[in-house]
Amino acid sequence: MKELNLQEIRQQLDVIDASLTELFETRMELCREVAEYKIQTGKPVYDREREQQKLKAVTALAHSDFTRKGTYELFSQIMTISRRLQYGLLASHGQEMDTGFSMIEDLKRENVRIVYQGVEGSYGHGAARRYFGPDADMYHVKTMEDAMTEVEEGRADYAVLPIENSSAGAVSDNYDLLVKHNVYIAAETELSINHALLGREDADIKDIRTVYSHPQALMQTSQYLNAHRDWKQISTVNTAVAAKKVAEENDRSQAAVASEIAGELYGLKVLERSINHNKNNVTRFIILSKDPVYRKGANKVSICFEGVHRSGSLYNMLGNLIYNDINMLMIESRPIPGRSWEYRFFVDVEGSLSDAKIRNALKGISEEAVSLRILGNY
């Protein structure tokens, strides 16, 4: 057998690659014709049974375990690309995804009621004031779910709730609640978080034995708190609730991690300022509405979806974003209740529901997912 040098091998690969490219383009033209047929007949783009039959057939043509696996992966991607081509063609014929959302100029800010979780002086209160102004009609409820229920049942126009912190990460429970309740993200605002250690007027740091705060705040100040090994840390539903508890129980051994504003409101002394270890500590709050609306100029879309529980499922669905040149900003997974080791994914992407590429990507994901929900565009 003639011995080939590297240059000759590369030349042969170039010939094969040119042939593969020509064959790929021919295949895509045939897929375009398939799309035209589906447009006329109303047949769905994604036919999993047909794809599995095709994958089984082409894999059987390979002659080794390695090439069989490679053939399966190669043709899986070719079929995925074919589907995205067909989704685009359907959209150009007016058969695109109905998002259910309506575009508005801006959120109504006058004669509206705003609900937040906690009590006066909480960071949620501060975020509501920041977005709607200090004179807005605001009231508070005990839990995050209570706030969503207030909006869902029409007693409040908007709810202001935390969703992510720059140092402690996602407020995971609120992601789960967004799936449970029929509310939509209409806007967001950010609030700098600066925690203080608050105690009774006659208290000193050496007196402290128990510290109360929200779990996120305890996480954000863990370096400071853990340095005091004899302090017991107890979670509360809100930082301001912790401050109120310390004030009402009037126990010199108790302290709260909360804002200095909460300390002023409940008559507590600042025992230590700025105890969060990340000094650039920011919490992102979402503004929830009962109606699926988005403001003109909105540039972030939040979705959640469940994939089929098999290899490559998440990869294929996220590929719809890559194919449509959409930038993914965040991905978070949450376990699905009652289904061990299965997860629901939350994704933020750049764009607007008015963009054709966003709708095309969402159409592709929705066709391949078990379920897809658009949480908001803001």
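Pick out the one residue from 8, 36, 22 that is more than 28 Å from residue 84 (Cβ to Cβ) and among the acidic types (Asp, Glu).
8
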Is it the case that region 162-169 has a residue that's among the small types (Gly, Ala, Ser), under 18 Å from residue 284 (Cα atoms) and either in the same structural domain as residue 258 (by TED's automatic domain parsing) or in contact with a strand residue (DSSP E or B) (Cβ under 7 Å, 6 or more places away or on another chain) (or both)?
yes
Among residues belonging to region 118-143 that are of a type in the set (Asp, Glu) and at pLDDT below 95, point out the one that is surrounded by the most Cβ atoms within 10 Å (Cβ to Cβ).
120
Test: residue 64 is more than 16 Å from residue 364 (Cβ to Cβ), over 32 Å from the mean Cα position of the chain (by Cα) and surrounded by 10 or more Cβ atoms within 10 Å (Cβ to Cβ):
no
Answer yes if at least one residue in region 310-325 is without any contact (Cβ under 8 Å) to a residue 12 or more places away in the chain, aromatic (Phe, Trp, Tyr) and farther than 24 Å from residue 161 by Cα, and no otherwise.
yes
The lone condition residue 302 fails out of (1) within 15 Å of the chain's Cα centre (by Cα); (2) of a type in the set (S, T, N, Q); (3) over 26 Å from residue 151 (Cα atoms) is (3)
Please work out which one of (1) loosely packed, with under 15 Cβ neighbours inside 10 Å; (2) touching a residue at least 60 places away in the same chain (Cβ under 8 Å) is the condition residue 248 fails and give its number.
(2)
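Would you kindly identify the strands (runs of 3 or more DSSP E) lying entirely within region 204-319 that contain at least 2 residues that are at pLDDT below 95, in contact with a strand residue (DSSP E or B) (Cβ under 8 Å, 6 or more places away or on another chain) and of a type in the set (Val, Ile, Thr)?
Working: elements: 210-213, 232-235, 254-258, 269-272, 282-289, 293-295, 300-306.
Passing ranges, in order: 282-289.
Going through 364, 376 one at a time, which residue ends up being touching a residue at least 40 places away in the same chain (Cβ under 8 Å) and part of a strand (DSSP E or B)? Outline the logic, then answer.
Details: 364 fails: part of a strand (DSSP E or B).
Step by step, each of 364, 376 is checked, and only 376 is touching a residue at least 40 places away in the same chain (Cβ under 8 Å) and part of a strand (DSSP E or B).
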If residue 146 passes every condition in (1) closer than 19 Å to residue 278 by Cα; (2) surrounded by fewer than 20 Cβ atoms within 10 Å (Cβ to Cβ); (3) at pLDDT 95 or above but one, which one does it miss?
(1)
Would you call residue 174 under 30 Å from residue 372 (Cα atoms), outside any strand (DSSP E or B) and either hydrophobic (A, V, I, L, M, F, W, C) or touching a strand residue (DSSP E or B) at 6+ places or on another chain (Cβ under 6 Å) (or both)?
yes
Just the residues that are surrounded by 17 or more Cβ atoms within 10 Å (Cβ to Cβ) and over 13 Å from residue 216 (Cα atoms), please, taken from region 153-169.
156, 157, 158, 159, 160, 161
Of the residues in region 335-378, those that are surrounded by fewer than 16 Cβ atoms within 10 Å (Cβ to Cβ) and of a type in the set (A, V, I, L, M) number 2
Which numbered condition trips up residue 115, out of (1) surrounded by 15 or more Cβ atoms within 10 Å (Cβ to Cβ); (2) on the phi > 0 side of the Ramachandran plot?
(2)
Filtered residue count, region 90-110, keeping only those that are touching a residue at least 12 places away in the same chain (Cβ under 8 Å) and more than 21 Å from residue 301 (Cβ to Cβ):
3
Checklist (1) within 30 Å of residue 220 (Cβ to Cβ); (2) not assigned by TED's automatic domain parsing to the domain that holds residue 155 applied to residue 139, failing item
(2)
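The values are calculated or read from the model by the stated rules, or taken from the named source; none is laboratory data. Predicted, not measured: the structure shown is a model, and the values here were computed from it. Please note: Cβ atoms are built from the backbone with ideal geometry, for glycine as well, and neighbour counts cover all protein chains shown.
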